[in-house]
Amino acid sequence: MTEAPDDGDSATTDGPRGGDATFEELRSRAVALRREGLSTRRIGERLGIGSHDLLTRLLRGEPAPEWTKRPRAKDALREEARALRLAGKTYDEITAELGVAKSSVSLWVRDLPKPRKTAEQLHAMREARWEPHRREVAAKRIRTRLDAACEIGQMTERELFLIGIGLYWAEGAKSKPYQVREAVHFVNSDPGVIQVYRAWLALLGIGPDRVQYRVMIHESADVAAAEAYWAKLVGVDVPSLCKTTLKRHNPKTVRKNTGSDYRGCLVVQVLQGADLYRRIEGWWYGIVLGVKQDHLANSPF
């Protein structure tokens, strides 16, 4: 600590003068004056000593009075920095919070033990480290999707016709040799798939009066919200939907399809659809037969 200037009046010197006493006598007197609370300048005036170096030697080992010490502006910051370090903060976190140089933080807390990271802190650090990469991958994913979407353009009726056949045969109900059911039932949770399928039905001349809709969803979900969502998507009122099929909730099952985005599935049923089902089955076999053998021969698989 440095001493503040002494604004008091110079006192009359007393005792041995600088030029008349030995070093030990001067030191004894200087120490006594220091312990009385005098500043270095006042002691020099009392003893008639103008040399700062000599006064320093005489007072070596004697602390300056508290009233002469200037408070340091960064003392509070230093104590706060140490408290933050003990709380497990990193140098960068302390620097950001206190607005001081990292070198100052290092000087203040370097004697403290390096804090051990908690599992949550380590996870947060890993997430922050990978966040730029994840953003880059997400942006690339979006660009790829947009480029691919632009490659399709406006579909012809024949393209929609063929797509609808493949879509139904992949996702629709099919008759089995052991259980003949020639009915056109289509179930899916993807709203885009539902819209393409409805466009296909319209292309085939299936009017709205021959189509019924029904929601299938877990009983633990927001059933009313799901019914409203699907009704709006297909352009009908909620009361126009058939009775919702509720799936019993099994608490032992770890389901991923939960949360506000989960809306279950929509069942699209074509009434009096036996003839249409037979035609769909025939169309599909026609596609299978229409695949040229050289297509298979040139396949890398």
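Just need a number here: residues in the range 180-212 that are among the hydrophobic types (A, V, I, L, M, F, W, C) and not in a helix (DSSP H, G or I).
Matching residues across the range 180-212 total 8.
Evaluated against (1) among the basic types (Lys, Arg); (2) at pLDDT 90 or above; (3) not assigned by TED's automatic domain parsing to the domain that holds SER103, ARG82 falls short on exactly one condition, (3). Residues in the range 226-243 that are closer than 11 Å to LEU266 by Cα and assigned to a helix (DSSP H, G or I): ALA226, GLU227, TYR229, TRP230, ALA231, LEU233, VAL234. If we scan the range 125-141, do we find a residue that is farther than 27 Å from GLU281 by Cα and touching a residue at least 12 places away in the same chain (Cβ under 8 Å)? Within the range 125-141, not a single residue is farther than 27 Å from GLU281 by Cα and touching a residue at least 12 places away in the same chain (Cβ under 8 Å). Being in contact (Cβ under 8 Å) with a residue 12 or more places away in the chain and of a type in the set (A, V, I, L, M, F, W, C): is that true of VAL109 here? Answer is yes for this residue. The C-beta contact set for the range 62-77 (first residue in a loop (DSSP other than H, G, I, E, B), second residue loosely packed, with under 10 Cβ neighbours inside 10 Å and modelled with pLDDT under 70, distance under 7 angstrom, 6+ apart or interchain) comprises ARG70/THR2.
The conditions of being at pLDDT 90 or above and either in contact with a helix residue (DSSP H, G or I) (Cβ under 6 Å, 6 or more places away or on another chain) or not acidic (Asp, Glu) (or both) are met by GLN154. Of the residues examined, ARG41 is not one that is more than 21 Å from ALA21 (Cβ to Cβ), among the charged types (D, E, K, R) and part of a helix (DSSP H, G or I). Against the test of being surrounded by 11 or more Cβ atoms within 10 Å (Cβ to Cβ), assigned by TED's automatic domain parsing to the domain that holds GLY166 and at pLDDT below 95, the options VAL196, VAL223, VAL211 yield a single qualifying residue, VAL223. Looking for something among the β-branched types (Val, Ile, Thr), assigned to a helix (DSSP H, G or I), farther than 30 Å from LEU38 by Cα and free of Cβ contacts under 8 Å to residues at least 12 places away in the same chain - is there at least one such residue anywhere in the range 79-99? So far as the range 79-99 goes, yes, one or more of its residues are among the β-branched types (Val, Ile, Thr), assigned to a helix (DSSP H, G or I), farther than 30 Å from LEU38 by Cα and free of Cβ contacts under 8 Å to residues at least 12 places away in the same chain.
In the set SER260, SER189, only one residue is surrounded by 14 or more Cβ atoms within 10 Å (Cβ to Cβ) and either farther than 25 Å from THR156 by Cβ or aliphatic (A, V, I, L, M) (or both); that residue is SER189.
Residue-wise test of (1) loosely packed, with under 10 Cβ neighbours inside 10 Å; (2) in the same structural domain as LEU86 (by TED's automatic domain parsing); (3) over 30 Å from GLU80 (Cα atoms); (4) not aromatic (Phe, Trp, Tyr).
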position: PRO115; (1), (2), (3), (4): no, no, no, yes
position: GLN121; (1), (2), (3), (4): no, no, no, yes
position: ALA124; (1), (2), (3), (4): no, no, no, yes
position: ALA128; (1), (2), (3), (4): yes, no, no, yes
position: ARG134; (1), (2), (3), (4): no, no, yes, yes
position: ARG141; (1), (2), (3), (4): no, no, yes, yes
position: ARG145; (1), (2), (3), (4): no, no, yes, yes
position: ALA148; (1), (2), (3), (4): yes, no, yes, yes
position: ILE152; (1), (2), (3), (4): yes, no, yes, yes
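The residues in the range 166-179 that are over 43 Å from the mean Cα position of the chain (by Cα) and either part of a helix (DSSP H, G or I) or within 20 Å of VAL267 (Cβ to Cβ) (or both) can be counted, and the count is 4.
The values are calculated or read from the model by the stated rules, or taken from the named source; none is laboratory data. Since this is a predicted model, take the numbers as computed values, not measurements. Please note: Cβ atoms are built from the backbone with ideal geometry, for glycine as well, and neighbour counts cover all protein chains shown.
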